[in-house]
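Please read the structure below before turning to the comments.
Derivation of every value follows stated rules applied to the coordinates shown; laboratory data play no part. Just so you know, these numbers come straight off a predicted model, no measurement behind them. Cβ atoms come from the backbone with ideal geometry, glycine included; neighbour counts cover every protein chain shown.
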Amino acid sequence: MEMDKNMQFMQIAMKHLPEGKALLEQKGIELGLEDIQPMLQLLMSVMNDAYELGKNEANRID
């Protein structure tokens, strides 16, 4: 299950990567291939934390 969730998070991250890259480039920050993987890992960590927060909140309501 964890692997499925991580794959979904990676797909979401890849979907939004061009927008984030464009925003950085507008500010003069170049994002190379070597920079993409750590950025994706950071984004996936944020999404996982948000997922866990939502899951915990949902369990409190039940």
Notebook entry, point to check: Within the stretch 9-62, can you find the residues that are surrounded by 13 or more Cβ atoms within 10 Å (Cβ to Cβ) and of a type in the set (S, T, N, Q)?
Noted result: Asn48
Note to self: Ala13 - would you say it is touching a residue at least 24 places away in the same chain (Cβ under 8 Å) and out of contact with any Asp or Glu (no Cβ under 9 Å at 6 or more places or on another chain)?
What the structure shows: yes
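Say we look at the stretch 1-32 and pick out the residues that are of a type in the set (Asp, Glu) and part of a helix (DSSP H, G or I); which of these is nearest to the chain's Cα centre (by Cα)? Spell out the reasoning first.
Here is the first cut: in the stretch 1-32, the ones of a type in the set (Asp, Glu) are 2, 4, 19, 25, 30.
Within this subset, residues satisfying the condition of being part of a helix (DSSP H, G or I) are 2, 4, 19, 25.
Details: Glu2: 15, Asp4: 14, Glu19: 13, Glu25: 19 Å.
Result: Glu19.
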